[in-house]
1. List the aspartates and glutamates whose Cα sits under 13 Å from the Cα of B:LYS75, skipping any in the same chain fewer than 8 residues away.
2. Provide Rg and Dmax in Å for the protein assembly as shown, with only Cα atoms included in the calculation.
3. Roughly speaking, what is the centre-to-centre gap between segment A:284-326 and segment A:76-122 when only Cα atoms are used, to the nearest Å?
4. Taking every Cα atom in segment B:1-157, find the radius of gyration and the maximum pairwise distance Dmax, and write them in Å.
5. Quote the total accessible area buried by chains A and B together, excluding ligands, DNA and RNA, probe 1.4 Å, nearest 100 Å².
6. Is there a quick way to get the dipole size of segment A:214-318? I mean about its Cα centre, with the Cβ of Lys and Arg at +1 and of Asp and Glu at -1; what is the value in debye to the nearest 20?
7. Rank A:GLY168, B:GLY94, B:ILE269 by how far each Cα sits towards the positive end of the charge dipole of the protein assembly as shown (+1 on Lys, Arg Cβ; -1 on Asp, Glu Cβ) and give me just the farthest.
8. Quick check on chain A: helices-only [θ] at 222 nm, where DSSP H runs of length 4 and up contribute -39,500 (n - 2.57) each and the sum goes over total residues. Nearest 500, please.
Amino acid sequence: MTVKVKVENLTKIFGRHPKATLKKLKGGLTKEEILKQTGHTVGINNVSFDVNDGEMFVIMGLSGSGKSTLIRCLNMLNVPTEGSIEVNGEDIVKYNKQELREFRQKKVAMVFQHFGLLTHRTVIRNVEYGLEIRGVPKEERYEKAKNMLATVGLEGWEDKYPSELSGGMQQRVGLARALANDPDILLMDEPFSALDPLIRRDMQLELLDIQAKLKKTIIFITHDVNEAFKLGDRVAVMKDGVIEQIGTPEEILANPVNEYIENFVQDVDKSKVVQAKHILFKPSALVSIKDGLKVAVKEMKTNGISSVFVVDSERKLRGLVTIDDTIKAMQDGKTLKDILIKDYFTTDPETYVQDLISKASSSKYPIAVVDETDKFMGIIMRVSVLSALT
Amino acid sequence: MQQLLFMGSFPEAITFKVGIYVDWLVKWLMHNFGDIFNAISDGILWVLLKIEEFLLWVPWWGILLVIFLLGWRYKKITAGLLYAFLVLLIGSFGLWGYMMSTLSVVLTSVVISLIVGIPIGILMTYKDKLEIIVKPTLDAMQTMPGFVYLIPAVLLFGMGMVPAVIATTVYAIPPVIRLTNLGIKNVSKEMVEAAHSFGSSNWQTLYKVQLPQALPTIMTGINQTTMMALSMVVICSMIGARGLGMEVLIAINRIDIARGFESGVSIVILAIIIDRITQGIVNRHKVPQQ
Ligand SMILES: Nc1ncnc2c1ncn2[C@@H]1O[C@H](COP(=O)(O)OP(=O)(O)O)[C@@H](O)[C@H]1O
Ligand SMILES: [Mg+2]
């Protein structure tokens, strides 16, 4: 994994004399004291983190915690008071005007909370904007913009004005406009917050799709913990201009470092975060199809269970046998193959626990987790589905 | 003493003749900067004459046709017909040439107002110091009756069409400055940031985003400036501007009711048509908002 963006000791203070105020901040005054004494606002305070290439990095925090301030530093819409931002190893804070323009034209694009579309331009001319600024010839940029609109599902809307589109569609235009430039890094400042919940869900899934296809480095801001955990490869939690914790959603869920984060993650609807792969376990009992009935009975008896999954030599799932059937088969002189049962449920490891609830509650047997080649990965017990939800 | 306090009329003892100093100042200006004033004067006169020449070169029915088409495009066909008929009426009063003189002063002043006013309006949004100076100046200018501008214009440029253009311009320029400034300021911040986030230069942001967004507001400013210019041109007849206003003035002096009525009505017609058509243009340029 290569580091794409390296932010080190970044501080942004708003007001007339940020440098002088910075000294006070370093002298140990708090954000509130500084606001009271000097009237300056500390937007972000000594923030450091890395974002890996191709990662979806989510920054989460309550309103006013400095998320926008931080992300706007990453394309220098805010000029940091101190600190460095290395992108591909170059410190963008040190860029001159021309270098900065080039960086913004080629390397980074932003999606805005209220879309930031140019209302006097048609949809396609909005998507063309970045290319136009780069000086891409008319025909070429039209082609690219049209393709990008198709990618976000807006074919046929090219010549409408943004005001004729719904909120969700407008943000698709915003996304298409950012992607049309083919940037390495996508900055998204609460892009879905202004949308209603159903549309927001669609957009989240679509973003994940696009991300899987294009493999951009995405820095995504949200105040919604569920959105953060659903989208983020890693999540940074901010409070009062400081990053309190960085980690994968599971890490943060499992080990919140302080009370603030604990309170935050209380709201998490875990069913949307926890996937099958997180709660499966590898059973100690597993029977190969080549094994005899005796082995199967022994496996079940020593483990104290009443059924066991059967796999072939490549660990592909073949079925399930119960202890009653097996003992009966021994008396009848049948083989393991003859008594395989298929009426259990299977799932792939990426399925969210939420979608396993109905399977878990309507089946007598554990759920088998198999990968795309049908290879057996483990089982999920009914109780673990339910306990993952609480 | 008693006389000083209780007499009804202002005491002659308190005198301060300031006029003489102003006279000196003007003479000093003329002596030192006369060439500049002459150059300005020649430039304005040249533009003015070209415009007037052009207006008189177009055949009368050509003008009617243009007015009809403008009315049709920006209002509706009946409006176009009505406007053309009304202008025909002015011609039938025998005031065609006067109307063109009036129009050429208005057009010249509006053009100068736009060339000077729009950049000032734009710059004000970026330079706080400029705004601190310009805002109160505009406030002061808008509280002053137009009449007052005649004096410096005459002092510096004498009598005739040129001081008329200058006085008219000075009188009419505030709205276009103000509304350009307002229009640019009101462009959504997020839109401007979006432009910058794609690496637009300040110029690109200005002409690809801010100006198109501000256009409807600027158009409103142009409409107001034009209307103010028209009202000022009439007053400028007092310093020797040929045109409909001069006709009214002469009619008043001679108590010539017929002539006064015809020229007065012509001014009203002109005002209505210019207002309607520029309004129509403003409405046509509304930018769709979110
Ligand atoms: N341009 C600005 N000038 C002054 N203060 C600002 C500015 N932008 C943000 N702030 C302040 O910085 C703090 C963080 O704001 P912001 O980054 O917008 O928070 P968030 O995006 O997390 O809601 C807030 O206290 C806000 O008032
Ligand atoms: Mg914000």
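1. Qualifying aspartates and glutamates at Cα under 13 Å: B:ASP275.
2. 38.8, 145
3. 59
4. 23.7, 75
5. Numbers: alone 19420 and 16950 Å², together 34200 Å².
That pair of chains buries around 2200 Å² in total.
6. Details: 16 positive and 15 negative charges, 199 e Å.
Computed charge dipole of segment A:214-318: roughly 960 debye.
7. Farthest towards the positive pole: B:GLY94.
8. Values: 16 runs with 151 residues, N = 390.
Taken over chain A, the calculation gives -11000 deg cm²/dmol.
The values are calculated or read from the model by the stated rules, or taken from the named source; none is laboratory data. A quick note: this is a predicted structure, and the numbers were derived from the prediction, not measured. Because the Cβ atoms are built from the backbone with ideal geometry, glycine has one as well, and the counts that use them run over all protein chains shown. With ligands, DNA and RNA removed, areas are computed over all heavy atoms of the protein, side chains included. Shrake-Rupley method; radii C 1.70, N 1.55, O 1.52, S 1.80 Å.
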